[in-house]
Each structure stands twice: as C-alpha cells, then as structure tokens.
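Step one of this worksheet: look at the structure below.
Laboratory data are not the source of any read-out in this text; all were calculated from the coordinates shown. What you see is a predicted model, and the numbers here were worked out from it, not measured in a lab. Cβ: placed from backbone, ideal geometry, glycine included. Neighbour counts: every protein chain shown.
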Amino acid sequence: MTETLGLDPLLLEILACPCSDHGELDVDGERRLLVCRICGRGFPVRDGIPVMLLDEAVPPGGSGDAAAR
Ligand SMILES: [Zn+2]
C-alpha cells in the first residue's frame with residue numbers, strides 16, 4: 001500500500017512544489033513529508049493539509065530534526 005499521509009491520491013497528483021521547477025512530489029512516509037523530486041525540499045503535512053510554503057520547507061538532505069545535530 002502506498003503511503004499518502006492521509007492525503008487524497010488525486011490531490012497528490014495535482015500538487016507541485018512551489019520551487020521554480022514545480023517538481024512532482026514524492027511521499028516520505030517516515031518523515032511525513034512531501035519531497036520534491038527536483039529540488040529535494042520536504043513539505044510537512046499538518047492535520048491532513050500539505051503546507052506548500054518554501055518558508056516551511058525542510059531543506060534538501062535535511063532530516064527535519066536539525067536541532068539534534
Ligand atoms: Zn522543488
């Protein structure tokens with residue numbers, strides 16, 4: 001079964017990264033992020049709603065837990 005983080009698969013299909021390349025998004029079920037295939041940013045899902053804001057994005061390669069380092 002494909003992890004969708006509780007999101008509608010149709011919604012996932014139409015969502016695109018807000019970066020200039022508007023990359024498709026992959027679901028990272030472990031980190032509960034939508035990850036852009038092009039720029040690698042991760043977008044959190046809060047209460048079933050994807051937060052597609054560059055300001056809220058986890059940087060490429062980031063663990064989402066940078067404070068632990
Ligand atoms: Zn992107």
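Number of residues in region 1-21 that are in a loop (DSSP other than H, G, I, E, B) and without any contact (Cβ under 8 Å) to a residue 12 or more places away in the chain: the value is 4. The set of residues from region 22-35 being within 12 Å of the ligand (Cβ to nearest atom) and either basic (Lys, Arg) or out of contact with any strand residue (DSSP E or B) (no Cβ under 6 Å at 6 or more places or on another chain) (or both) comprises His22, Glu24. Hey, can you tell me all the residues within region 1-21 that are touching a Lys or Arg at 6+ places or on another chain (Cβ under 7 Å) and more than 8 Å from the ligand (Cβ to nearest atom)? Answer for region 1-21, where residues must be touching a Lys or Arg at 6+ places or on another chain (Cβ under 7 Å) and more than 8 Å from the ligand (Cβ to nearest atom): just Leu5. Whenever a residue of region 27-54 is more than 16 Å from Leu11 (Cβ to Cβ) and touching a residue at least 60 places away in the same chain (Cβ under 8 Å), it has no partner that is away from the ligand (no atom under 16 Å from the Cβ) and acidic (Asp, Glu) lying with C-beta atoms less than 9 angstrom away and at least six residues away or across chains.
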